Structures are given as C-alpha cells and as structure tokens.
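Each value in this text was obtained by applying a stated rule to the coordinates, not by laboratory testing. What you see is a predicted model, and the numbers here were worked out from it, not measured in a lab. Neighbour counts are summed over all protein chains in view; Cβ atoms, including those assigned to glycine, are modelled from backbone coordinates with ideal geometry.
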Amino acid sequence: MAQYLSTKKARLATRLSFFTAGFVMACCAPFFPFIKLSVGADERQFGLLLLCFGLGSIITMPAVGVVCARYGARSMVLLGGFGLVVFLPAIVVAQTSFMLGSMLFLFGASLGTIDVAMNVHGVEVESLEKRSLMSSFHAQFSIGALCGAGLMTLSISLNISIITAALVGACVALVAMVLASRGLLDSRAQEPPALALPHGIVLLLGLLAAIAFLVEGAVLDWGAILIIDQQLTAPKNAGVGYILFSVAMVIGRLTGSKVVGLWGEFWVLITSGMITIFGIATVLLATLEFFALMGFALIGLGAANIVPILFSAAGRQTVMPASLAIAAVTTTGYAGVLVGPAMVGFAADLTSLSTAFWLLAGLITLVPATAYLVVNKT
C-alpha cells in the first residue's frame, strides 16, 4: 500500500490527462455543423478540412515517441494538453477554410502529442506500482468524452454561443491540466535510436490496435445507420445504440484493471474478443430493437479492455524503446479510426452494411487468436 501512496499524485495526474484528451476531443463534435456553415464549406470541402485533424495527429505521434524516450513524457503531456486548451476555441473562431484547416491540424497535433505521452506516462506509473492500471486510465478518456459531448450539447441547446461554449470547455481542460502538472513524473529514459521502425511484436500490437479502434469508429459512424437499415428503430432513436456502447465501455474500463488483476491479460483478451464478436452478431441477427441495442452494449463491454492491454504490452516489450512502441501502436490505432469507417463504407457499397460488420467480427477473431503472443512475447 505504501508504494501506491508514493505514486498517488502521478496516478491522479495520468487520469486527469486522459480525461482532458477525451473531454476536449468530444467537445469538437457538436461544433462541426456550425463551423462548416461559418466557413462556407460543402461536404467534400469539409471532409478535406477534417482530414487536416487526422494528419496533424498521425504526423506528430512518431516524433512524440522519440521525445518521450529521450526526455520523459511530462513535457509532452503538458505541451499537448495546453495545446488543446488553446486550439479548441481557435477552431470555433476560424473564419476561412485555410485558417480552419490550420487550426484543425494544430489541434490534431496537440491531441496526438498528449495521446502518446499520456500512455507512456501511464506505463511508467504501472511499472512503478507493479499492477494493471491502464484500463482505469482509459476509462477516464471515455468519461471525459461523455462529459465533453454532453456539456457542449447542453450549452448549444440552451442557445449559448459556440464561442462561449468552447471557452467553457477550454477552461475545464485548463483546470484539469494545471492539476495534472503537479503530479506528472519527471523521468528520463535512456537515449533511443534516432529512428526505430516498428518491428517484431510491436507490429502485431499495432495491427490489433487498428482493428480495435476500427470497431469503435464503425459503431460511431455506421451503427445507427445499420439498425435503421434493418428497420429495427426510428432515426430519432438510432443514437441510443452508441450511448449504450459508450456507457458499457466506461463500465468495462472502470472495472478492467481489477478484472485483469484477477484473470490475467490472456483470459481478458480471449473473453473480450469473444464478447465483442457476440455483440456484433447480436446486432446483426436481432429482430427486435431491444436486442440490437443490447448488442451495442456488448460490443462496448467487450472492446473496453483490448486497447489498454495492448498499450501495457507495448510498454513491456523489449524489441524497441517503450515510448516508440507506444507511439507506433497509437499511430496505427488512429489510422484505424480515420481510415476504418471509410473502409466499412467501401465494403458496404460492394456488398452490404451487414456484410461489412460481419467482416469486422472476423477481424476481431485475431484478438483471441493472438492473445498468447501478446502476453508471452512482451
């Protein structure tokens, strides 16, 4: 217990960092329709502008891994976190497409920076406490996302201007980052090589992360459309599925660290993969709205602890510096989020949306199939 008390501040700082990242990222979504109108962009143009956000994240992540390996994660957590505070309002006040694209790129770079660094920091805290904590850290990201989306949606529904709402969101993030700064570890790892491409077990971890994030992105972007197409619900109720998915994921992650401590990572990966597959199958085979919605909850519960375990494994492996491995896993995961929904749409166009989701279920089988390698090769 004494060793846990000694790292209590670092544990809290990590949770606040995860909360901030999830909170600010979710704050953006309710603003996008208003921002699109303010810059006069059509759907194609706005899609290209949103691509700037993803590019900012993906381009930044590998470099952040190198910096964390050389100088520790603290500075990068602070840089990314305070960057989110600055660029959240900046996105809202942008009046031209060029300015919006630039701000989205910098916002994405900030999110990519804190995303890699906070996972590196989380692995450091896990190592010091010698127990599983990553699921509880990722739970704070999910809680932050629910709080951010809820607060901004409430603000807009009360006719508060989006500039004021964005400033409120930035203030919440600012307070969280100031509190986090007091407990972040000031550690420095050994000098890593200037360039270390992902290899060995890290490639597998990156692939599995991409699949896990792909499932999350598919539920977000296509889940409502899927159950509408199946004539299981009215459009006004279709979003309930994602809410249940999100709540189940939060519950799964809040309890995940204890479950991993009791069962071990191997059995949690096996069980998580099977529950996710069963959840997708439940949605696809459901003939009543209730069962389809319960399927989304099962997907969230099953997927909850896959990514945290992969990040923990990336921090333990020895084929390359931990921070570079975490950066690689994070980058491929983001690629799954960015590219995955488009791939689902492409597959749905060639076949059907149901078939595309069956393909997702097939991809998830790689999680239990490779669980032994993830646990025993790291």
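Once divided by 2.2 N^0.38 Å, the Cα radius of gyration of the chain becomes 0.95.
Where Rh is the Kirkwood radius over the Cα pairs of region 28-127, the temperature 37 °C and the viscosity 0.692 mPa s, what D in µm²/s does Stokes-Einstein return?
Working: Rh = 14.0 Å.
Rounded to a whole number, D works out at 234 µm²/s.
The largest-to-smallest principal axis extents of the Cα set in region 201-376 are 50, 35, 24 Å. Neighbours of Lys9, meaning other residues whose beta-carbon lies under 14 angstrom from its beta-carbon, give a summed charge of +2 when Lys and Arg score +1 and Asp and Glu score -1.
May I ask you to list the residues of region 244-278 whose amide nitrogen lies under 19 Å from a point 7 Å from Cα along the Cα→beta-carbon direction of Arg316? Counting backbone N atoms under 19 Å from the label point, the list is 253, 255-273. Against the empirical 2.2 N^0.38 Å (N residues), region 293-352 has a Cα radius of gyration ratio of 1.46. For region 108-187, the Kirkwood hydrodynamic radius from C-alpha pairs, put into Stokes-Einstein at 20 °C and a viscosity of 1.002 mPa s, yields a diffusion coefficient of 148 µm² per second. With the biggest extent put first, the Cα atoms of region 2-181 measure 56, 35, 22 Å across the principal axes. Ordering Met152, Leu111, Leu128 by Cα displacement along the dipole of region 2-181 toward the positive end leaves Leu128 in first place; charges were set at the Cβ atoms of Lys, Arg (+1) and Asp, Glu (-1). Neighbour counting of Cβ atoms within 10 Å sorts the residues Ile160, Ile280, fewest neighbours leading, into Ile160, Ile280.
The peptide list 214-220, 44-50, 352-358, put in order of mean Cβ contacts within 10 Å with the highest first, becomes 214-220, 352-358, 44-50. With R₀ fixed at 45 Å, the C-beta to C-beta distance from Leu262 to Leu350 puts the FRET efficiency at about 0.55.
Along its first, second and third principal axes, ordered by size, region 241-285 spans 33, 20, 8 Å in Cα coordinates.
With +1 on the Cβ of every Lys and Arg and -1 on the Cβ of every Asp and Glu, and nothing else charged, how large is the dipole of region 2-181 about its Cα centre, in debye rounded to the nearest 20? Working shown, then result.
Working: 10 positive and 6 negative charges, 95 e Å.
Here the size comes out at about 460 debye.
Calculate the tail of P(r) for region 256-342: the fraction of all Cα-Cα distances greater than 18 Å, expressed in %. Of all Cα-Cα distances in region 256-342, 57 percent exceed 18 Å.
Here the gap between Met274 and Ile156, fully extended at 0.36 nm per residue and compared with their Cα-Cα distance, gives a gain of 38.5 nm. Helical content of the chain, expressed as a calculated mean residue ellipticity at 222 nm, amounts to -28000 deg cm²/dmol (DSSP H runs of 4 or more residues, -39,500 (n - 2.57) each, divided by residue number, nearest 500).
Number of Lys-Lys pairs in the chain with C-alpha atoms under 27 Å apart and a separation of 8 or more places or on different chains: 8.
For the chain, the membrane-span-like helices by this rule, meaning whole DSSP H stretches whose C-alpha atoms cover at least 27 Å of axis and whose Kyte-Doolittle mean is -0.5 or above, are 8-28, 43-71, 74-93, 97-129, 134-157, 162-181, 201-229, 240-263, 265-285, 322-350; this says nothing about an actual membrane.
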